[in-house]
1. Rounded if a/c is under 1.5, else prolate if a/b is larger than b/c, else oblate: which is the range 54-165, with a ≥ b ≥ c the root eigenvalues of its Cα gyration tensor?
2. Tell me, in nm to one decimal, what length is gained between Y127 and V217 on full extension, where the rule is 0.36 nm per residue of separation less the Cα-Cα distance?
3. For the range 13-156, calculate the relative contact order in percent as a whole number, restricting contacts to Cα pairs under 8 Å that are 6 or more residues apart.
4. Compute the label zone of F147 within the range 122-136: residues whose backbone N is under 15 Å from the point 7 Å along Cα-to-Cβ.
5. Which residue, V32, V56, V161, has the most motion in a Gaussian network model of the chain that connects Cα atoms within less than 10 Å?
6. Hey, which of these cross-link pairs are over 18 Å Cα-Cα: K80/K133; K133/K160; K133/K224?
7. Can you report the principal axis dimensions of the chain using only the alpha carbons, biggest first, rounded to whole angstrom?
8. Quick test of the membrane-span-like rule: which DSSP H helices of the chain reach at least 20 Å along their long axis (C-alpha atoms) with mean Kyte hydropathy at least 0.5?
Amino acid sequence: MEELGKVYQLIIPVNGHIMTFNLDAIIMTWIVILLLTLFGYFAARNRSRLPGPLQVVGELFVEQLYGLTEDALDRELAKKYAPLICALFMFLLLSNWLGIIPHLGEPTKDLNTPLILGIMGFFIAHYAGIRAKGFKTYIKAYFEPVFFMMPLNLIGELAKVVSISFRLFGNIMGGSIIILVVSYLTYSIVLPPLLNAFFGLFVGTIQAFVFTMLTVVYISVQVK
């Protein structure tokens with residue numbers, strides 16, 4: 001393990017090749033997973049008709065995201081995909097907020113995190129499309145309106161992964177760079193904490209919502 005500025009990497013030689021793991025992103029991701037697991041446990045542990053604060057927050061997330069998923073898809077598909085959409089949004093939201101806490105960082109400012117989530121959404125959307133339309137109808141759509149459009153249609157689908165991933169990565173990493181530069185220029189007095197709160201809470205929330213809704217839209221496009 002070697003120190004690269006504030007980034008810690010684990011370097012493992014495998015068959016003459018080098019595999020590099022960003023330990024910062026891995027640790028922050030597991031912190032997010034642990035916090036979400038604890039939140040889910042305590043929110044659902046003592047459910048009642050007079051809910052406590054954690055149950056209210058949990059039900060608010062589930063109800064709103066289930067409604068958005070149902071609007072984009074239909075009731076039956078929402079039952080299948082709403083849990084995924086809710087988990088995705090909560091993971092991204094907490095990941096983007098994590099940088100507000102001193103000595104912690106957003107796992108989403110490592111390109112691997114949004115990229116793997118984009119690839120996951122890509123495969124889920126196309127799997128849903130095959131299930132809904134059948135394989136022949138699904139493949140036929142790539143050759144419309146004329147057969148030689150297939151390469152462009154295929155590139156367009158792959159570009160969705162790049163677009164959704166780099167949008168999230170660019171906004172989170174861009175915010176981190178701005179905070180770092182301003183902190184250096186102002187010696188971390190007043191302005192950087194405000195910028196940190198702005199990018200973490202406001203921009204982080206917007207980007208988590210956009211990424212999640214685009215995933216829903218991609219699924220909707222494939223199944224209809």
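We did not get these values from a lab; they are worked out from the coordinates using the rules stated. Since we're looking at a predicted model, the values are computed, not measured. Please note: Cβ atoms are built from the backbone with ideal geometry, for glycine as well, and neighbour counts cover all protein chains shown.
1. Details: a/c = 3.71, a/b = 1.50, b/c = 2.47.
Taking the square roots of the gyration eigenvalues as a ≥ b ≥ c, the range 54-165 is oblate.
2. Additional length available on full extension: 31.0 nm.
3. 21
4. No residues fall inside that zone.
5. Result for the chain, Cα springs under 10 Å: V56 fluctuates most.
6. Long pairs (Cα-Cα over 18 Å): K133/K160.
7. Rounded to whole Å, the extents work out to 59, 58, 37 Å.
8. Once both thresholds are applied, what remains is 23-45, 75-97, 112-133, 150-186, 204-223.
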